[in-house]
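Visitor: Pasting a structure here, questions to come.
The values are calculated or read from the model by the stated rules, or taken from the named source; none is laboratory data. Only a predicted model underlies this, so the values are computations on that prediction, with no experimental measurement involved. A quick note on method: Cβ atoms are made from the backbone with ideal geometry, for glycine too, and the neighbour counts reach across all protein chains shown. Note: areas computed on protein heavy atoms with side chains; ligands, DNA, RNA excluded. Shrake-Rupley method; radii C 1.70, N 1.55, O 1.52, S 1.80 Å.
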Amino acid sequence: YSQLTALAQSCEEKFGGIDVIVNNAGVASGGFFGELSLEDWDWQIAINLMGVVKGCKAFLPLLERSKGKIVNIASMAALMQGPAMSNYNVAKAGVVALSESLLVELALVEVGVHVVCPSFFQTNLLDSFRGPSPR
C-alpha cells in the first residue's frame with residue numbers, strides 16, 4: 001500500500017493530480033474447493049480484491065479533487081461462476097461489490113466509478129496460475 005500512496009503523491013507532484021485510475025489486478029488460481037488451501041484463498045483475495053481496494057484508497061484523495069473516475073477490472077467470472085474457480089470467482093465478485101458500493105458513496109463527491117467484467121480471452125493471466133492441480 002505504501003508504494004501506491006507514494007505513486008499517488010508522485011502523480012500529484014509531477015502532474016498536478018490525476019483524472020482516471022484503472023485498477024487491473026489479476027492472478028489466476030483454481031482447483032476444486034476441497035483441494036484449495038487457505039493460503040490459495042489468501043493469495044487470491046490479497047491480489048485480485050485487495051489490490052483493487054488499495055488502489056482505490058491510495059488515489060481517492062486525488063480523484064476527489066479532480067472529480068475523476070475509477071475503473072475497476074473484475075471478470076465475467078464474478079457474474080457467471082465456473083467450477084474449480086471458487087477463490088477467483090469470489091475475489092472478482094468482491095471487485096463488483098466494491099465498485100457498486102463506491103458508485104453510490106462517491107457520487108456525493110462527484111467521483112465516477114465503473115466496473116468492467118471481461119470474458120475469457122487470451123492474456124498472460126495463466127502464467128501466474130497457482131493451484132493444487134494443473135488440470
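Visitor: Output the 0 to 90 degree angle, nearest 10, between the alpha-carbon long axis of helix 50-66 and the longest principal axis computed from the alpha carbons of the chain.
Guide: 20
Visitor: Give the ranking of Lys67, Lys14, Lys54, Lys92 by solvent-accessible surface, highest area first, calculated with a 1.4 Å probe. Working shown, then result.
Guide: Details: Lys67 100, Lys14 150, Lys54 75, Lys92 5 Å².
Putting Lys67, Lys14, Lys54, Lys92 in descending order of accessible area: Lys14, Lys67, Lys54, Lys92.
Visitor: What accessible area per residue comes out for the chain, rounded to a whole number of Å², with a 1.4 Å probe?
Guide: For the chain, the per-residue accessible area is 59 Å².
Visitor: If you roll a 1.4 Å probe over the chain with all protein chains in place, what percent of the accessible area is carbon or sulfur?
Guide: Exposed carbon and sulfur together represent 61 percent of the surface.
Visitor: As I understand it, the value is the acute angle between the Cα axis of helix 86-107 and the longest principal axis of the Cα atoms of the chain; what does it come to in degrees, rounded to 10?
Guide: 20
Visitor: Around Val115, with a cut-off of 15 angstrom between Cβ atoms, what is the net charge of the other residues, counting Lys and Arg +1 and Asp and Glu -1? Walk me through the intermediate numbers first.
Guide: Values: positive: Lys69, Lys92; negative: Glu100, Glu105.
Spelling it out: positives minus negatives among the neighbours equals 0.
Visitor: Next question. In nm, to one decimal, how far is the modelled label at Glu35 from the one at Ser101, with both set 7 Å along Cα→Cβ?
Guide: 3.2
Visitor: For a quick check of understanding: with a 1.4 angstrom probe and all protein chains in place, what accessible area in square angstrom does Leu7 have, to the nearest ten?
Guide: That residue has around 90 Å² of solvent-accessible surface.
Visitor: Hey, another quick one. Give me, ordered by chain and number, the residues 5 or more places off Asn23 or on other chains with an amide H under 5 Å from its own placed amide H.
Guide: Long-range HN contacts for Asn23: Val71, Asn72, Ile73.
Visitor: What are the principal axis extents of the Cα atoms in the chain, in Å, biggest first?
Guide: Extents along the principal axes: 48, 27, 27 Å.
Visitor: How much length would be gained if the chain were fully extended between Val22 and Ala46, taking 0.36 nm per residue of separation minus their Cα-Cα distance, in nm to one decimal?
Guide: 6.9 nm
Visitor: If R₀ is 25 angstrom, what is the calculated FRET efficiency for the pair Arg65 and Ser119, using the beta carbon separation as r and rounding to 0.05?
Guide: After rounding, the FRET efficiency stands at 0.10.
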